[in-house]
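Nothing in this text is a laboratory measurement; each read-out follows from the coordinates by a stated rule. Keep in mind the model is a prediction, meaning the values are calculated, not measured. Methodologically, a virtual Cβ is constructed for each residue, glycine included, from the backbone with ideal geometry; neighbour enumeration extends over all protein chains shown.
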Amino acid sequence: MYRIVRNVRRWGAVYRYSKCSKVTPRRFSTKPEKDIKEVLNATPTNTKVKAWWAAAPAWKKFGVLVVVGGVTIVYTSYVMYLKARYDQHMASHGSTSQRTYGELSVGGPFELVDTKGNIVSSESLKGQWVILYFGFTYCPDICPEQMEMLGNLVDIAKNEHDIDITPIMITIDPERDTPEVLDEYISDYNSKIIGLTGTDEQLDIVCNAFRCYRTKGQAYDDPNDYILDHTVTQYLIDPEGRVVGYFLSNRDLEARVPILLDHVKRYYESKEVVQ
């Protein structure tokens with residue numbers, strides 16, 4: 001009897017398992033998937049909004065448009081306010097890497113001597129247009145190229161546009177660039193160029209004021225055979241002693257002439273406005 005009951009229970013379990021384990025084959029729909037627009041249009045929220053808008057009276061629709069328009073105007077005004085604040089901040093603090101016109105936040109008072117022993121200072125140069133360059137006579141390639149462009153730019157300004165420019169080269173190597181060496185060097189490019197030198201302390205002051213980087217390279221066999229790494233920039237200074245422009249090393253002579261003329265024109269136009 002026990003054996004019969006046990007077999008019945010076993011057969012019942014097997015029957016239930018086989019019935020439950022039957023896999024109904026999946027039927028794939030042949031209908032095309034709904035377009036995303038249809039799905040969005042069929043959402044309850046979208047349907048409610050459309051229904052409300054269709055049934056809403058004209059004054060409610062007008063109110064909604066007024067609110068949306070007001071929010072848009074406030075947001076646009078706030079964005080313009082932030083942009084104006086940003087422009088004001090950049091104008092007050094300055095970004096010398098992007099500014100081309102106006103007074104730059106470089107330069108400062110200095111006092112050096114020329115190759116004849118005369119004192120030349122930032123004060124004595126006021127009343128003149130000045131192009132200032134930092135270099136050294138033992139420079140193998142960059143400085144000769146920049147000095148040649150400096151001399152040519154000065155001649156073009158005078159001969160073709162009747163503008164007097166005082167070109168100045170400040171040596172960053174006073175140890176080797178004695179007054180005699182510096183005088184001979186600048187005379188090879190243009191007789192108008194003034195060579196300035198000074199003590200290490202004086203040169204540190206003027207280099208820091210104009211943000212001119214300079215570092216001495218390592219000498220090997222000969223202690224005097226070294227190269228100086230430095231900033232290659234020519235600074236344009238107006239008659240009031242303000243640095244108003246600069247020429248980077250990658251700007252050729254043809255590009256420097258119109259920039260110089262534009263700065264000179266802007267300067268005298270501003271003077272006429274003030275008067």
Take the Cβ-Cβ distance between ARG251 and ILE73 as r, set R0 to 41 Å, and report the resulting FRET efficiency rounded to the nearest 0.05.
-> 0.35
Among the Cα-Cα pairs of the stretch 137-255, the proportion with separation greater than 22 Å, in percent, is 36 percent
Taking the radius of gyration and the Kirkwood hydrodynamic radius from Cα positions alone, what is the Rg/Rh ratio for the stretch 209-275, to two decimal places?
-> 1.20
Counting only residues 5 or more apart in sequence or on a different chain, those whose built amide H sits under 5 Å from that of PHE110 are SER122, GLU123
Pulled fully out, how much extra length does the chain show between GLN128 and ASP204, if you take 0.36 nm times their separation in residues and subtract their Cα-Cα distance?
-> 25.0 nm
Multiply the residue gap between ARG85 and ALA58 by 0.36 nm, knock off their C-alpha separation, and tell me the result in nm, one decimal place.
-> 5.7 nm
For the stretch 154-201, max minus min Cα coordinate along each principal axis, in Å, sorted largest first?
-> 38, 22, 10
Each label point is 7 Å from the Cα along the Cα-to-Cβ direction; what then is the distance between the points at ASN118 and LYS216, in nm?
-> 3.1 nm
Given the stretch 158-275, what percent of its DSSP beta bridges are antiparallel, to the nearest 5?
-> 75 percent
Just subtract the alpha-carbon distance of SER191 and ASN159 from 0.36 nm times their residue separation and send over the number in nm, one decimal.
-> 10.0 nm
